[in-house]
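Working notes, structure below.
Nothing in this text is a laboratory measurement; each read-out follows from the coordinates by a stated rule. Fair warning: this is a prediction, and the values are worked out from it, not measured in the lab. In this analysis, Cβ positions are derived from the backbone assuming ideal geometry, glycine residues included, and neighbour counts consider all displayed protein chains.
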Amino acid sequence: MFKITVIGLLVAILIISVPVDSFAQTSQRFIVKVNQSFFIPGDTLVLYGKVSSSDALFVKIIDPAGRTAKVDTIYADINGSFTTQLMQWPEPTRNFTFGTYTIEVSSSRFPEDKAALQVTFTDRESVLGSTPPQHVLAVKLDSPTEISVGRTFRIFVQVTFDGALVNADPAEFLASSHIHSGNTTINLAGKFNKLHEGIYYSDVKLAEEGSYIIHAVAFHRGYLAHDSKVVSSGSSIGQVQESINTLKVELADTSRELNETKSAMVNATSTIRQEVADLQQASGQINSLIIPILALISIIIALQISLFARIRASFK
């Protein structure tokens, strides 16, 4: 019994006497925690834990949209302990909305030492220490897929909050909506009108052909939601159909004119044939009159020649 106690005491002394960095390869060398899971505006986010001695920690806060909201560096003391007030949560804005944020922490000494913590930024109606209500802001965008250059088309946006239609000033909560193509961006701020509670529209005209992305962005009660749609401008199906219809009309007119010309030619040919026949008939009538006259003239000439011959003979 005494031997076992002595052995246990020796093991304990050995463990205590091992330097802190000797535990660097254990699973306990990188511990990162936050002071709470849910935060409301005005709360302070505190990051603390135990890492390698004098380690420098790179901290990145990523917002619900996947964008980096804050970057910082924290230094642990010689024992590896650290505690820092990372930030105070502000009032929600379009760039800092309610939702779930991810805090990524990585060691500068050991690249494999990383941690990712998730916290929720919520409104004051939530009760800290319990799961806050899950609010859902939703945006639904609708517009034609094919549009015509230089012609006005209409964009419709429906906005709901927890399933209820949002009745608000579109110039305010849809102010970040826009259309972009390549390096060109068309701002839709102030261009939306309310068609009905929760349903808004904007009339837009595009000056150049190409593909455009319509991005409807709504910010309401600290939450941000969006929807997008790709449209193409150029010769639309409507324009093609209109051109086809116009071509059909023109072809019908041409066909009618050709029929009229053909009918006129047929009538003209019939008239010419009738006139030729009339001329032939008239020519026959003229011939019937001229031939007897020519014969009579021949007889008269013959008589005159005979008479002149007799007269000439009598003078001899």
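Values as computed for the structure displayed
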quantity	calculated
Efficiency of FRET from Cβ geometry, Gln134 and Asp77, R₀ 41 Å, rounded to 0.05	0.55
Label-to-label distance, nm, for residues given as Ser232 and Asp278 (7 Å Cα→Cβ offset)	6.6
Counting DSSP beta bridges with both ends in the stretch 22-121, the antiparallel % (nearest 5)	95
Segment Ile299-Gln36, extension gain: residue separation times 0.36 nm, minus the distance between their alpha carbons	79.9 nm
Added length on full extension, which subtracts the Cα-Cα distance from 0.36 nm per residue, Lys194 to Glu250	15.8 nm
R0 of 51 Å, Cβ-Cβ distance Thr271-Leu307: FRET efficiency to nearest 0.05	0.45
Dimensionless Rg ratio for the stretch 137-234, taking C-alpha atoms and the 2.2 N^0.38 Å reference	1.04
Cα→Cβ-extended label distance, 7 Å offset, between Glu112 and Lys205, nm	6.5
Whole-angstrom gap from the stretch 198-236 to the stretch 166-191, using each part's C-alpha centre	8
Likely footprinting exposure, His180, His196, fewest C-beta neighbours within 10 Å first	His196, His180
For Met265, Met87, order by how many other beta-carbon atoms lie within 10 Å, fewest first	Met265, Met87
Beta bridges per DSSP with both ends in the stretch 137-234, % antiparallel, nearest 5	90
Ordering of 144-156, 290-302 by packing [mean C-beta count within 10 Å, highest first]	144-156, 290-302
Under the Karplus curve 6.51 cos²θ - 1.76 cosθ + 1.60, θ = phi - 60°, whole-Hz ³J(HN,Hα) for the stretch 176-193, x wherever Gly or Pro sits	8, 5, 7, 10, 9, 8, x, 8, 9, 10, 10, 7, 9, 4, x, 9, 9, 10
Within-15-Å neighbourhood charge of Asn95 [Cβ basis; K, R +1; D, E -1]	+1
